[in-house]
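The values are calculated or read from the model by the stated rules, or taken from the named source; none is laboratory data. Not measured: the values here are computed from a predicted model. Accessible surface areas use protein heavy atoms only, side chains included; no ligands, DNA or RNA. Shrake-Rupley method; radii C 1.70, N 1.55, O 1.52, S 1.80 Å.
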Amino acid sequence: MRMFFLPLALAAASIGLSACQSMTPEERRAADEAQCLHYGFRRGTDGFAGCLQRIDLDRRAQSRYNSDMLMLQMSYDLDHPYYGHRYGRHW
């Protein structure tokens, strides 16, 4: 049973990781430009540059938020908050 489970788990992990491919900077820039063009901005204008800048700032803010939430969850997992625990012996 165990010999069957290990290859199956490895196959599932490899399929899952292959789906997590990130975009290259060139692909991300092209997608951002396409989004700004979709919004109605024209290349070479101040509005187009501002649109690209807002998209980049939003992406960075989302990344910081995700990092903060991850660190918060990790700190909670390592050291649960004091409230909610019963009093008693702690040794």
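Residues that are assigned to a loop (DSSP other than H, G, I, E, B) and either modelled with pLDDT under 95 or small (Gly, Ala, Ser) (or both) within the range 28-50 comprise Gly40, Gly44, listed in sequence order. Taking the conditions exactly as written (open to solvent by 100 Å² or more (accessible area, probe 1.4 Å), at pLDDT 85 or above and not aromatic (Phe, Trp, Tyr)), does Arg64 satisfy them or not? So Arg64 fits the description; yes.
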